[in-house]
Amino acid sequence: MQTTARQIPLFPPEDAIAAKPGSGEPGFAIRESARARRLSIKVFPRGRVEVVVPKRTKPVEVANFVAENRDWIRKARDSFASNHMPESFALPVRIDMPALGRSMLVQYSRDASLKSVRYRVNGGLLTLRGNTTDHGQCLAAIKRWLASVAKEEFAPALAEHSRLTGIGFKKMHVRAQRTCWGSRSSSGTISLNLCLLFLKPSLVRYLMIHELCHGQHMNHSRRFWKLVGNFEPNYRRLDRELTECWQVVPAWLGLY
C-alpha cells in the first residue's frame, strides 16, 4: 500500500485548524474526500472555511454539522482577522515569481465567441483570451499556466538536487495544494505546490531537499533531520520560515 510522508504544513501549528468540525458562515466550501472518515473543518488565515466530508455524506448531515459549529468558526475567523488584514479580490495585472526572479504582466482580452478562457505567453506578457468576465475561468487559466511554469522550472532543479544528495525519486507532480508545500509518497512520487513560485529560492531548495530526504526516512525522526542537516545546515530556520510563507501567496489565488 502506498503511503505518504508527513507533509510540511503551510501554517504554523497554532494556525493549522484542521480536523475540527463545522462551518456555519456564508461562503464556506464543501470538499468530498475518499480518505475522510468523519466530517472536519479547516479555517484558513484569510478567512476561507472548508468542510471536509466523507463520500456519500447526506446534505442534512452537513447542514447539522455546520449549525452545531457556527460559533466556533466565527471565533476562529475573528482570531485570524485580528492578526491579518482582509484583502479584497482583484484579478492580477502582474504576477511576481521570486523563486525564479521573474515577473509577468497579465492582459485580459474579451472574446464573446469563446465560452472558456485560454492563455498565451509572449515574452513577459501573459494574455488571457475568451470569457474574461468570468473570474473563475480566468483564475483556472492562470493556475494552469502557473502549474506549467512550475513543472518546467522545478523538474530540472529537483533532478539536480537528487543528483547532489544521491537520493532518487520516480516522478514529480505539481499541484495547487491548500495544506502543504510538498509531500513524497512511498512509491517515489514527489508533489510540489505551485505556490512555491512565490517563495524565495532558498526556501524552494530546502523544500526539495526535505522531500528528497523522505526517500530515506518516511518520517520526521532524528535520523531524518540529521540527513536534512547534511545538505542544508540552516534547515531549522528555513522550516520555521515556511510556516509563515502563506502570507506571500497572492490572495487572488483563493487558496489560503
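Just one of (1) free of Cβ contacts under 8 Å to residues at least 24 places away in the same chain; (2) within 25 Å of residue 234 (Cα to Cα); (3) in a helix (DSSP H, G or I) fails for residue 140. It is (2). Applying the set (1) surrounded by 13 or more Cβ atoms within 10 Å (Cβ to Cβ); (2) in contact (Cβ under 8 Å) with a residue 12 or more places away in the chain to residue 89 leaves exactly one unmet item: (1). For region 143-177, the set of residues classified as crowded, with 19+ Cβ neighbours inside 10 Å and among the charged types (D, E, K, R) is empty. Entry remark, region 202-256: residues being among the acidic types (Asp, Glu), surrounded by 14 or more Cβ atoms within 10 Å (Cβ to Cβ) and at pLDDT below 95 number 2 in total. Inspect all residues belonging to region 150-159 and state whether any of them is of a type in the set (Phe, Trp, Tyr) and farther than 23 Å from residue 103 by Cβ. So far as region 150-159 goes, no, none of its residues is of a type in the set (Phe, Trp, Tyr) and farther than 23 Å from residue 103 by Cβ. Could you tell me whether any residue of region 32-40 is at pLDDT 65 or above, surrounded by 15 or more Cβ atoms within 10 Å (Cβ to Cβ), in a helix (DSSP H, G or I) and not assigned by TED's automatic domain parsing to the domain that holds residue 137? No, region 32-40 contains no residue that is at pLDDT 65 or above, surrounded by 15 or more Cβ atoms within 10 Å (Cβ to Cβ), in a helix (DSSP H, G or I) and not assigned by TED's automatic domain parsing to the domain that holds residue 137.
Screening residue 25 on (1) among the acidic types (Asp, Glu); (2) at pLDDT 75 or above; (3) touching a strand residue (DSSP E or B) at 6+ places or on another chain (Cβ under 7 Å); (4) more than 30 Å from residue 157 (Cβ to Cβ) shows it passes everything except condition (2). A Cβ distance below 8 Å, combined with a sequence gap of six or more or placement on separate chains, defines the contacts here; from region 63-85, residues that are at pLDDT below 80 reach residues that are polar (S, T, N, Q) and surrounded by 14 or more Cβ atoms within 10 Å (Cβ to Cβ) in the pairs 73/23.
Residue 140 fails exactly one of the following numbered conditions: (1) of a type outside the set (Ser, Thr, Tyr); (2) surrounded by fewer than 20 Cβ atoms within 10 Å (Cβ to Cβ); (3) touching a Ser or Thr at 6+ places or on another chain (Cβ under 6 Å). What is the number of that condition? Condition (3) is where residue 140 drops out. Tallying residues that are in a loop (DSSP other than H, G, I, E, B) and either in contact with a Leu (Cβ under 7 Å, 6 or more places away or on another chain) or not aliphatic (A, V, I, L, M) (or both) within region 104-134 yields 10. For region 116-162, a residue qualifies if it is over 19 Å from residue 255 (Cβ atoms) and of a type in the set (S, T, N, Q), and the qualifying residues are 116, 122, 127, 131, 132, 133, 162.
Need pairs with beta-carbon distance below 6 Å; first residue under 14 Å from residue 106 (Cα atoms) and in the same structural domain as residue 102 (by TED's automatic domain parsing) and within region 117-137, second among the polar types (S, T, N, Q) and part of a helix (DSSP H, G or I); sequence gap 6+ or separate chains. From residues that are under 14 Å from residue 106 (Cα atoms) and in the same structural domain as residue 102 (by TED's automatic domain parsing), the pairs are 117/137. Taking region 145-213 as the region of interest, the strands (runs of 3 or more DSSP E) fully inside it that hold 1 or more residues being over 22 Å from residue 95 (Cβ atoms), in the same structural domain as residue 98 (by TED's automatic domain parsing) and without any contact (Cβ under 8 Å) to a residue 60 or more places away in the chain are 171-175, 189-193.
The values are calculated or read from the model by the stated rules, or taken from the named source; none is laboratory data. Everything quoted here is computed from the prediction, not taken from an experiment. Cβ atoms come from the backbone with ideal geometry, glycine included; neighbour counts cover every protein chain shown.
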